[in-house]
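> If you scroll down you'll find the structure; I have some questions about it.
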Amino acid sequence: MAPHVKIERGTRTSRIAGRLALVLLAALAAAPWWTGRANLRLLGEFYTFVALASLWNLLAGYAGLVSVGQQAFVGFGGYVLFAAAMFYGVPPLLAIVLAGVVGALIALPMAPLLFRLHGAYFAIGTWVAAEVFRLSFAQVSVLGGGSGTSLPARLVTGIAATRDQRDMLLYWCALALGLGTVAMIYALLRSRAGLALAAIRDSEIASESLGIDIFRTKLAIYVATAAVTSMVGALIFLQKLRISPDAAFSVNDWTAYVIFIVVIGGIGTIEGPIVGAIVFFLLRETLADLGTIYLVILGMVAIAVMLKAPRGLWGSFSHRTGIVLFPLRRRVVHPDAR
Amino acid sequence: MEILNALIQGVLLGGLYALFAAGLSLIFGVMRLVNIAHGDLIVLSAYLALVVVQATGLHPFVAALAVVPLMALTGYVLQRVLLNPTLGRDLLSPLLVTFGLSIIIQNALLTHFTADSRRLAAGPIETASLGIGGGLSIGLLPLAMFLAAVAVIVALEFVFSRTSLGRAFRATSDDAEIAQLMGLDRRHVYAMAMALSAAIIAIAGVFLAVRTNFDPSTGPLRLIFGFEAVIIGGLGSLWGTLAGGVVLGVAQALGAQIDPGYQVLAGHIVFFLILVVRPRGLFPRMD
């Protein structure tokens, strides 16, 4: 008789962690009642960086598409929100969703062009694309040209009447977007498409011979990432209430920091970008007074991690202890063995 | 006439872009490494030239005699200490280490030299020009840049085809492991390639410093211009790189004729157009 075996993915740790995460989430969702405006802003910013880092990790760590041009979509999403709200009267919160749709539409024709470049040249190609966005929006005079524009006051008060309500609403949007991004990536990687991605990452040739369409898989990931990145960008500039080409398409803010977060936290893991974002914010809040020296230190930390512990903080920890909070692997479990 | 003048300026500007690109092309050819900090190293060389000129009062072109070996040494050490350990792992490690390096150089320069833009005075050569009839003239400085780019490419071709170092480059590029078995120290060969690349970076940096204003944040755009010249010209071809630089320079000069805001944008657009019609560049040699 064949032994009774089960295929499982969850581990005891992951189930316990799941329950703890629910408690933590409830606490974070209630943050407007237990913390002040400054902390709320900081947490909101933290969630957007968790989302951006997770998205970049999906691209580079899972789909092998190392982009240094994701600021194209952050800025584009921001501008779509401003344009939709100012010229077409779209309510700002709805415009966040709209930014995602338009972001996907613009990424669709860009991808086949950029995919003609490989490896590191793809990376710089995405950067050039982002520069095209920046220089083009600097030419749009109705959006303030090179100096940018602010969201008119009537639109700001249209989100919610008082500043406290607005802060609360935007906080919850950021939490939902950050959480939604991580959940979406987790679900995606556990699905059929996730299996295809893992196969492509391990060997493009072998996976292609098994019938995986590499181009379509990568295209789908690139476009989906662009869509969500645009939504995050829209929210970021809704929080700031002001947009300019240099801020919107900043390679430092939306790509360099994000890459450092992922590398320090652990590339190719779902937990890595979250851990990296925590470290990044702790470093920033403690070393911000140092100014530019802080960025030099950040660059050095990233290089040191890349050379000495390329798995990153979480990757090294997980490798040593076997602890995984978001299990992707399928394991064969013997019922007797438990 | 104005268009013709813009064309000439664009071709000569292409020489500078070919200088940006030659070092990038060289190290990609030898070790498949794309150095994200390439542009920042160019700006670093410009600042080095500034320091030498301020300390000694020498002409910038004479100061280059000090900047070139200094940068070559920097390149050698950089490769041995930071970049060699990343090679052969995956695409990401060298990319991220050079990206980190780029941020470090930019912010270190910012701390030390502030964000003020600087320029090196090169004396009468800046404004001197040769009349070529028809009311057109060629500036001596742009001409010198273009000739320097041609000289650098001729020298590189010579190194690659006629010297034992070039043979080591080609052997390592073809198959690093077998080259190692034949007694070549791969780490040293790579470091020599980076040293040579950094020497070209230094030449480009000195020309950049006398041609335009520069500040710590101007590096990434130099990387992008160099990269565009490499891709337009076709990977692996040094003369193609010069052609790529010229195409980019002309596109920018013509764009600037329409509106100064279109100068850089026109270059990017031509780059993408060439990617559409000739994805392997104008003169491809390498897969």
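Please treat every number below as a calculation from the coordinates, not as lab data. Note that the structure is predicted; figures quoted are calculated from it, not measured. Ideal geometry is used to build each Cβ from the backbone, glycine not excepted, and the neighbour counts take in all protein chains shown.
> Please report, in whole Å³, the volume per residue of the convex hull around the C-alpha atoms of chain B.
135
> On to the next question. Please order B:LEU221, B:LEU238 by the number of other Cβ within 10 Å, starting at the fewest.
Ranked by crowding around the Cβ, least crowded first: B:LEU221, B:LEU238.
> For the range A:1-70, just run the numbers: alpha carbon Rg, then divide by 2.2 N^0.38 Å, N being how many residues it has.
Relative to the 2.2 N^0.38 Å estimate, the range A:1-70 comes out at 1.70.
> For the protein assembly as shown, with the dipole built from +1 on Lys and Arg beta-carbon atoms and -1 on Asp and Glu ones, taken about the Cα centre, which of B:ILE125, A:ALA193, B:PHE20 lies farthest toward the positive end?
A:ALA193
> Semi-axes of the equivalent ellipsoid of the range A:1-137: what are they in whole Å, largest first, if each equals the square root of 5 times a C-alpha gyration tensor eigenvalue?
They are 34, 27, 14 Å, listed from largest to smallest.
> Shifting gears a bit: Shape verdict for the range A:198-338, please, from the Cα gyration tensor: rounded (a/c under 1.5), prolate (a/b greater than b/c) or oblate.
In terms of gyration-tensor shape, oblate.
> Okay, next question. In the range A:283-329, which trypsin sites (Lys or Arg not before Pro) fall in coil by DSSP and have 14 or fewer other Cβ atoms within 10 Å?
A:ARG329
> Can you give the convex hull volume of the alpha carbon atoms of the range B:147-287 per residue, in Å³?
Taking only Cα atoms, the range B:147-287 has a hull volume of 124 Å³ per residue.
> Taking the alpha-carbon centroid of each part, what is the distance from the range B:123-173 to the range B:188-243 in angstrom?
The range B:123-173 and the range B:188-243 have Cα centres spaced 13 Å from each other.
> Dipole of the range B:2-277 (Lys/Arg Cβ +1, Asp/Glu Cβ -1, origin at the Cα centre): which of B:GLY267, B:VAL230, B:SER45 lies farthest to the positive side?
Going by the charge dipole, the pick is B:SER45.
> Also, quick follow-up: Sorted from fewest to most neighbouring beta carbons within 10 Å, what does the list A:LEU307, A:LEU22, A:LEU81 look like?
Placing the least packed residue first, the sequence is A:LEU22, A:LEU307, A:LEU81.
> May I ask you to derive the FRET efficiency for B:ARG167 and A:LEU22 from their Cβ-Cβ distance with R0 = 56 Å, giving the value to the nearest 0.05?
Given R0 = 56 Å and the Cβ-Cβ separation, E is 0.30.
> Under a no-solvent Debye model with one identical scatterer per Cα of the range B:1-119, what's log10 I(q)/I(0) at q = 0.14 Å⁻¹?
After summing over all Cα pairs, the log10 values are -0.74.
> When the Kirkwood hydrodynamic radius is evaluated over all pairs of different C-alpha atoms of the protein assembly as shown, what value in angstrom, to one decimal, is obtained?
26.0
> About the Cα centre of chain A, what is the dipole size in debye to 20, counting +1 per Lys and Arg Cβ and -1 per Asp and Glu Cβ, all else neutral?
Computed about the Cα centre, the dipole is about 820 debye.
> Inside 10 Å of the C-beta atoms of A:124-137, what's the mean count of C-beta atoms belonging to other chains?
5
> Is the C-alpha gyration tensor of the range A:104-194 telling us rounded, prolate or oblate? Criteria: a/c under 1.5 is rounded; beyond that, a/b larger than b/c is prolate, otherwise oblate.
In terms of gyration-tensor shape, oblate.
> Roughly what angle does helix A:92-114 make with the longest principal axis of chain A, taking Cα atoms, 0 to 90 degrees, to the nearest 10?
That works out to roughly 70 degrees.
> Please state the shape class of chain A: rounded when a/c is under 1.5, otherwise prolate if a/b exceeds b/c and oblate if not, all from the C-alpha gyration tensor.
prolate
> Suppose a student asked you for the relative contact order of chain B, using Cα pairs under 8 Å spaced at least 6 residues apart; what percent would you report?
Reported relative contact order: 37 percent.
> Can you sort A:ILE185, B:ILE232 from fewest to most other Cβ atoms within 10 Å of each residue's own Cβ?
Fewest to most other Cβ atoms nearby, the residues stand as A:ILE185, B:ILE232.
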